[in-house]
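Down below is the structure, laid out as structure tokens.
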Amino acid sequence: MSKETQTEKEAATSTTAHRIGLFTRQPLSTLGKIAFWGFLVATIAATGGAIALTLFAGGSRAIDIFAASLLAATILIVNGIRWLQVIAALVGVSILYQFFTQPFVIESLANPKDASIGGYGHFIGDAVPMGLLIIAFVASVGTVLQNYHLLSRKNPGWFTPFLSTVTGVVVGALFIGALAPTPAPAAPATIAPLQAPQISAGPGVPTSMNMGMANAPISVSQLQTRTTAARVDHFTLTAQPAHLTLGSGITVPAWTFNGTAPGPTLRVRQGDEVVVTLVNHLSFGVTIHWHGVRVANAADGVAGVTQDAVKPGQSYVYRFIPPDAGTYWYHSHQFSFEETVNGLYGMLIVDPATPTLHADVDYSVALHAWDGPDSQTIYTMNTTGGTLNQVARPGQWVRLRIVNTAETPTGNPQLVTLVGAPFQVVSLDGHDLHGPEWLTDTPLPIGSAQRYDLYFQMPSSGSVALVTAGDGQSYVRAPALVIGQGSVPTRLPAVTKWFDLTTYGTPAPDPITPQSHFDATYNIVLGNQMGTSLGRSGMTYTMNGKAFPYTGMIMVKEGQLIKLHFVNQTNLHHPMHLHGHVFTVLDQNGKPLTGSPVHQDTVLVPPHATYDVAFVANNPGIWMLHCHNFLHANWGMDMMVMYDVSTPYTVGSASGNFPD
Ligand code: C2O
Ligand code: CU
């Protein structure tokens, strides 16, 4: 049909017989006005939201696009040109689609009360624009139909608006029904059950490797705590399976101590004897290693080195006297990668025999990462992926102990910071710093297994929050620890320059300095390369080019001062941990520390950096030195620091002992 004839036909049936061109404007019908106002109000709300997010939370592309589309739809409707109004209806389709398919929108509509996704506030924030959008969308479809009928009927009367409204409602409902994803199932998404860790005998898997010195005068089993203490603290930790609810309806299968992860926080006093009975109700072997505590070697909990993994149904007793106060933790050291990542860990806090720092309240938080449904990683603080609340009154002094128990899959440390109060880092890995400065919003890099103790005073009003940046780029609102009255602040700081332990605090005399006389210095080159480890092929993580159990060892004699020179040749951070001893950090990239002396059991060696540490060999035994990124340890980055000591235990398929 030619344009001429069409125009003539329309003109003939129109009440106002004028020529209709491509750009002939229609007066805005009632439905057009409704659509206009609906889109306009939603536009204003979305633009306000976009501005607020940009100012306070670092921007959101989704909401910018959203606001721009709403504005476009509004303009298209107002111009009154028929075919542009058709486009307006299509833009409306895509806006509704964008909005309805945002998982958080569905979540909040399905669970208006759930505090972990913002509660009623968030629900109203989603429901109001959603309602306006549906009205605007339906009305704009109606407008298109109505305008068509206005031109094609002599006297539209009531029938056309009625018909177009009904059609619009039906189309809108069909559209929403078809496009809206089925709401998140109320039942927790199912995650495959955990597989018992195992390495089967086969090529490349050692059968029976003895890590000790064959004819040594003393065995690890003899290296027990000798002294008796005035007080004895007894605990029982039962390794057992559990399902953990991490908030927001997400449940994961886990292996736990006493049914929770983290397991119970063990609180003891420096110099007390600690007696822990481990009972194993799991279907595979477990141990407990007391991370950072200078225990006697027999209590170190390393499968194949200081004991056999405790078999299903059996139990084992650990006895030790913690010589140093501070924040520590415990975890299984049989298949420590799988077992710790899946929940076999907890915190151990050793109070000083004589208090050094006054705190009105003392909280601890373990940062962990779980494999959730759809292979997403769920970060948690203690037991929640949402907000963890703790109380403190204005003016009170708070000591906050943080441990990173998580595997750090990216090879980067977790970043954490405290929002709402200036704070001091009073200790690292449980060891106090000298003259700590006040920090504000400073990102603290915390490698796997490391600990930070923060100290701060509650402000006269409002709360203080601990937030994390798992990706190292920006802080997120969950998980978060909120201390005091209030919620996570709307405005989170940007990630700025990281805390640097090599310049923090003020100098103080220390028994070990870069000028000390070292009895031996060992170079340890950290590398990664494709290869094989325990019969598996893949990316291996190496020490001096070799993967465990074929890495060399570091021989020491009691009383020696040993220096370790780490050379990181990879693009990843490696939190290097030595059992049973404390490192004094000497320098990074050859630059000695300019602030407080630093003592750690786990040093975070940055990519392509060198790191020098020293320790006094004052605790005889066979001690692991390994990367505490569990994946790296699992794929080779472990070795032994060795006194002249033998062991009756072996690593390999015969015993089933695989420490990492
Ligand atoms: Cu927490 Cu061998 O380590
Ligand atoms: Cu590593």
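The values are calculated or read from the model by the stated rules, or taken from the named source; none is laboratory data. Predicted model only: the values in this text are computed from it and were never measured. When we count neighbours, we look across all protein chains shown, and the Cβ atoms used for this are built from the backbone with ideal geometry, even at glycine. In case anyone asks, the SASA skips ligands and DNA or RNA and just uses the protein heavy atoms, side chains included. Shrake-Rupley method; radii C 1.70, N 1.55, O 1.52, S 1.80 Å.
Brief remarks follow.
- Two-site FRET efficiency, THR532 against SER208, from Cβ-Cβ distance with R₀ of 25 Å, rounded to 0.05: 0.85
- Mean shadow area of the chain over all directions, Cα convex hull, nm²: 36.0
- Stretching the chain fully between ALA520 and THR277 yields a gain of 83.7 nm (0.36 nm per residue, less the alpha carbon separation).
- Calculated [θ] (222 nm, deg cm²/dmol) that DSSP helices of n ≥ 4 give over the chain, each run adding -39,500 (n - 2.57): -7500 deg cm²/dmol
- Within the chain, helices built from complete DSSP H runs that reach 24 Å or longer along their own axis (Cα positions) and carry a mean Kyte-Doolittle hydropathy of -1.0 or higher are 30-57, 61-78, 82-100, 119-152, 159-179.
- Inter-label distance for TRP498 and ASP351, nm, one decimal - labels placed 7 Å from Cα along Cα-to-Cβ: 3.5
- Computed FRET value (nearest 0.05) for VAL317 with LYS591, which takes r as the C-beta separation and R₀ as 45 Å: 0.50
- Averaged over its residues, the chain has an accessible area of 42 Å² per residue, based on protein heavy atoms and a 1.4 Å probe.
- Under 5 Å, built H, 5+ apart or other chain: amide partners of ASN618: GLY559
- Debye, to nearest 20: dipole size of the chain, +1 on Lys, Arg Cβ, -1 on Asp, Glu Cβ: 2140
- Potential lengthening of the chain between GLN560 and GLU437 amounts to 40.9 nm, from the contour at 0.36 nm per residue minus the alpha-carbon distance.
- Amide H contacts under 5 Å for ARG269, placed H, 5+ residues apart: ASP351
- Three-way shape label, the stretch 499-563, alpha-carbon gyration tensor, a/c 1.5: oblate
- Computed E for SER200/THR245 - FRET, C-beta separation, R0 45 angstrom, nearest 0.05: 0.85
- Cα-based Lys pair tally, the chain, threshold under 22 Å, eight or more apart or on separate chains: 5
- Global geometry of the stretch 216-355, whether rounded, prolate or oblate, following the gyration tensor of its Cα atoms and the 1.5 cut on a/c: oblate
- Inter-centroid distance (Cα atoms) of the stretch 315-329 relative to the stretch 511-565, Å: 26
- Modelled this way, with points 7 Å down the Cα-to-C-beta line, the labels at GLN98 and VAL391 are 4.6 nm from one another.
- Placing a label point 7 Å from the Cα of ASP362 along the Cα-to-Cβ direction, the residues of the stretch 249-286 with a backbone N closer than 15 Å are 265-272.
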